[in-house]
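Trainee: Mind looking over this structure? Questions follow.
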Amino acid sequence: MNLAQALPDLVADMESALVHLGRGDLVKQLHEVILERWVCDEFADTAYLYFGAVDVRYAERLSLYDEVGVNLDTDDQGRLCGIEVLDAKRVTSLLGSAR
């Protein structure tokens, strides 16, 4: 499942925040990345969206918490490999219906 198709509003919000922060290099990846799986911690109201291998070593965490309420993880080659959503309820219902 393509992230932009599954969560178009979230992707649009992240695009704006990334461009504003000078990280437009990640915008194209938001449209191309395939959502492999996701997990939810209902107690903490967080979700983690995985793109590709789970055993990837994260090189950078880009916080868009203030702007969008997410943290983006990239690998050592600058590829988007996961997103932590800090207000999970807003996306888990959409993801649940897309399964």
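Trainee: Can you name every residue in region 16-43 that is free of Cβ contacts under 8 Å to residues at least 24 places away in the same chain and hydrophobic (A, V, I, L, M, F, W, C)?
Mentor: Correct list: Val19, Val27, Val39, Phe43.
Trainee: Could you say which residue among Tyr50, Tyr65 is touching a Gly at 6+ places or on another chain (Cβ under 9 Å) and either among the aromatic types (Phe, Trp, Tyr) or closer than 21 Å to Arg90 by Cβ (or both)? Spell out the reasoning first.
Mentor: Numbers: Tyr65 fails: touching a Gly at 6+ places or on another chain (Cβ under 9 Å).
Residue meeting the stated conditions: Tyr50.
Trainee: Could you tell me whether region 41-63 includes any residue that is surrounded by fewer than 14 Cβ atoms within 10 Å (Cβ to Cβ), assigned to a strand (DSSP E or B), modelled with pLDDT of 90 or more and hydrophobic (A, V, I, L, M, F, W, C)?
Mentor: No, region 41-63 has no match at all.
Trainee: Could you tell me how many of the residues in region 70-99 are under 11 Å from the mean Cα position of the chain (by Cα) and within 16 Å of Pro8 (Cβ to Cβ)?
Mentor: Summing the residues that are under 11 Å from the mean Cα position of the chain (by Cα) and within 16 Å of Pro8 (Cβ to Cβ) in region 70-99 gives 4.
Trainee: Let me ask you something else. Return the residues of region 1-40 that are under 14 Å from Cys81 (Cα atoms), surrounded by 18 or more Cβ atoms within 10 Å (Cβ to Cβ) and out of contact with any Lys or Arg (no Cβ under 9 Å at 6 or more places or on another chain); say none if nothing qualifies.
Mentor: Leu3, Leu26, Leu30, Leu35, Trp38 - these are the residues of region 1-40 that are under 14 Å from Cys81 (Cα atoms), surrounded by 18 or more Cβ atoms within 10 Å (Cβ to Cβ) and out of contact with any Lys or Arg (no Cβ under 9 Å at 6 or more places or on another chain).
Trainee: Okay, next question. Do you know which residues across region 74-99 are under 20 Å from Lys28 (Cβ atoms) and crowded, with 20+ Cβ neighbours inside 10 Å?
Mentor: Filtering region 74-99 for residues under 20 Å from Lys28 (Cβ atoms) gives 74-83.
Thr74, Leu80, Cys81, Gly82, Ile83 - these are the residues of region 74-99 that are under 20 Å from Lys28 (Cβ atoms) and crowded, with 20+ Cβ neighbours inside 10 Å.
The values are calculated or read from the model by the stated rules, or taken from the named source; none is laboratory data. This one's a predicted model, so the numbers in the text were calculated from it and none came from an experiment. Note that each Cβ is placed from the backbone with ideal geometry, even for glycine, and that neighbours are counted across all protein chains shown.
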